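I have placed the structure first, in the form of structure tokens, so that the comments after it can refer back to it.
The values are calculated or read from the model by the stated rules, or taken from the named source; none is laboratory data. Since the structure is predicted, the reported quantities are computational estimates derived from the model, not experimental observations. All Cβ positions, even for glycine, are placed from backbone atoms using ideal geometry, and neighbour counts span all protein chains on display. Only protein heavy atoms, including side chains, enter the accessible area calculation; ligands, DNA and RNA are left aside. Shrake-Rupley method; radii C 1.70, N 1.55, O 1.52, S 1.80 Å.
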Amino acid sequence: MIIDYLSGSHPDSIEADLCIIGAGAAGIAIARTFIGTPVSVCMIESGGLSGEQRNQQLYEGSSVGSTPFDPGTSRMRVFGGSCNLWGGGCIPLSRQDLSEREWVPHSGWPLSYGELKPYYTRARSFCQIDSHDFDDGSFLTPLSRPPLAFDDGTLVNQIFARSPILFGEAYRPELERADNIKVLLHTNLLELEASPGGSYVREAHIASLDGHRGTVRARHYVLACGGIENARLLLLSDSSVPQGLGNEHDLVGRFFMDHPSGKLGTVHTDEPHRLTRPYDRELGKGPRPTFPEIGLAHEAQKTHKLLNGRVHPFAVEGPIPNGIRALRDLRAALRPSVQDEGSLLEARLCAAMKNGSTRLDGVTAAPVESLGTLVLRLGLGAGDIAKAFLHKLTDKPTVGASHVDLIGYFEQAPNPDSRITLGHELDALGQRKVCVDWRLTPLDLRTYRTAAALFGSELAQACGGRFEPEPWVTEDTPPLMRGTAHHIGTTRMSDDPRSGVVDRHCRVHGIDNLHIAGSSVFPTGGWAFPTFTIVALSLRLAEHLRGALMSAVSTGIL
């Protein structure tokens, strides 16, 4: 069942076998595992069923690092989580991504690819991409368009699948019908209160923005609030343990990573479509299409001692014919305008992330012409539209490209000085806001510059063109990079409590009944979109918890 905590129709104290904090991809994947079992689950979610600016403001914070970062616009506080904004990209990490690499400090997972692979298989079902087989760092489904052929020792085509669903929308009916699942909306975790000494969590203190207060008492707790908020909530849980839960070795919040992205350069060529069309995500077929991405080969990473990375070629249109411009303007005029608060918030967040904005301003639109004027322009440009139709028949873009921009997306080196801390400002609940100190290392910078040369050379050669690197690539100036809202590493996994916050089962070291789900447990992130691995690890954690809780419920052991 789903209950709105703002409605007041709830007890002050709730008891459950399992308390899940956060209803994003991780939380929903875990909760579904318990549907129809004797295990009672309480899942608390700060947001509602759609986005609300009042809730979103709880994500605001500050940034003090050398690379700008806005914690308020890179995630969404809503049922379904930030995946309400995702593009559906699913791809597994590779064996090398999970392995210790001598040239990458602090690399290596305590899990092998073989241990994770069965849960990737289950994650396909959760993401509704069951028809696609996968292997080491790629799906195997044949592509509708053949990608470019590369020297396997330098670049490689890796295939990702696009999930057709939003998790909150897809699995909400199941959770509403489940008698043993209780979802509390508009419910914020204030603190996980631990026993003296911090060996187990006694209860979760919760609150709503309208002043309701309560507690949830459970046998086990799972934090599933994302790569920034998981660390913040552990640090805020300091009434019994002054430094925060799981922070005995000052590791909570450290090793904060994203997938830094930026323009590497431009390819000038007479045939830009040869480079861009195989990788155009607008040309996918079917509800679960697959697409290639151009990645650094494992051999190149080893040879040049680089982090993992990929590049995407984006066609930059040349002059747009009048008829095509009129057709686009007409379609925009006929498109329904965004009115409700949730849709407006989603649009603003998407715009902020796409443009690298550090402000959450309103979305503005250009003045709209009358339909009569647009139709007249369309008629005058009929010849342009006919030419575009012929181009489409020959698998060419409707508007020719003047050049191709190469945008890089990279793994970030684990760095203990890149971290999440608590700031001094308070939010509407009286809680300290987050402070982000996002830092890159010399290995990151060397990877960008070396990879830019490798990508640029290979791709220019593939289309008979010329690569022009961005000035920062060849000059001793700071790189123009921004985040991609993939928050990783702040409660990293390790078998040794001196080098990680959670163990291989995602249990917080030293705390018997507290686990963490999400990309905050990743020791490294490869370049892969993180959601598929988040779901796989969450299903693995759910299996572990289900075994423990089913046994406890059947025997009555607390």
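With the structure loaded, tell me whether ASP136 is acidic (Asp, Glu), at pLDDT below 95 and over 24 Å from TYR279 (Cα atoms) or whether it fails that test. Quick ask: steps written out before the conclusion?
Details: acidic (Asp, Glu): yes; at pLDDT below 95: yes; over 24 Å from TYR279 (Cα atoms): no.
Criteria not met by ASP136.
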Would you pick out the residues in segment 127-156 that are under 21 Å from the mean Cα position of the chain (by Cα) and either farther than 27 Å from HIS312 by Cα or among the small types (Gly, Ala, Ser) (or both)?
GLY137, SER138
Open to solvent by less than 20 Å² (accessible area, probe 1.4 Å) and more than 25 Å from GLY526 (Cβ to Cβ): which single residue out of GLY295, GLY309, GLY286, GLY323 fits that description?
GLY323
Against the condition among the hydroxyl-bearing types (Ser, Thr, Tyr), without any contact (Cβ under 8 Å) to a residue 24 or more places away in the chain, out of contact with any Lys or Arg (no Cβ under 6 Å at 6 or more places or on another chain) and open to solvent by 10 Å² or more (accessible area, probe 1.4 Å), how does SER499 come out, does it pass?
no
Checked against (1) at negative phi; (2) out of contact with any Lys or Arg (no Cβ under 9 Å at 6 or more places or on another chain); (3) open to solvent by 60 Å² or more (accessible area, probe 1.4 Å), LEU189 satisfies every condition except (3)
Being open to solvent by 50 Å² or more (accessible area, probe 1.4 Å), among the charged types (D, E, K, R) and under 25 Å from ASN308 (Cβ atoms) narrows ARG504, ARG546 down to just ARG504
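If you go through segment 424-436 one residue at a time, how many are in contact (Cβ under 8 Å) with a residue 60 or more places away in the chain, open to solvent by 10 Å² or more (accessible area, probe 1.4 Å) and not polar (S, T, N, Q)? Reasoning before the result, please.
Filtering segment 424-436 for residues in contact (Cβ under 8 Å) with a residue 60 or more places away in the chain gives 425, 427-429, 431-436.
Okay, now just the ones that are also open to solvent by 10 Å² or more (accessible area, probe 1.4 Å), so 425, 427-429, 431-433, 435.
Pick out the ones that are also not polar (S, T, N, Q) and you get 425, 427-429, 432-433, 435.
So the answer is 7.
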Exactly one of ALA528, ALA428 is among the small types (Gly, Ala, Ser) and within 27 Å of THR154 (Cα to Cα), and that residue is ALA528
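Do you know which residues across segment 248-283 are aliphatic (A, V, I, L, M), part of a helix (DSSP H, G or I) and surrounded by 19 or more Cβ atoms within 10 Å (Cβ to Cβ)? Even if it seems obvious, please write down each step before you answer.
To start, the set of residues in segment 248-283 that are aliphatic (A, V, I, L, M) comprises 251-252, 257, 264, 267, 275, 283.
Then drop every residue that is not part of a helix (DSSP H, G or I), which leaves 275, 283.
Correct list: LEU275 only.
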Could you please tell me which pairs satisfy a Cβ distance under 6 Å, a separation of 6+ or placement on different chains, a first residue in segment 174-189 that is without any contact (Cβ under 8 Å) to a residue 60 or more places away in the chain, and a second residue that is assigned to a strand (DSSP E or B) and among the hydroxyl-bearing types (Ser, Thr, Tyr)?
none
Matching option when the condition is in a loop (DSSP other than H, G, I, E, B), out of contact with any strand residue (DSSP E or B) (no Cβ under 6 Å at 6 or more places or on another chain) and open to solvent by less than 60 Å² (accessible area, probe 1.4 Å), among ARG124, ARG101
ARG101
How many residues are touching a Leu at 6+ places or on another chain (Cβ under 7 Å) and open to solvent by 40 Å² or more (accessible area, probe 1.4 Å) when one looks only at segment 146-170?
0
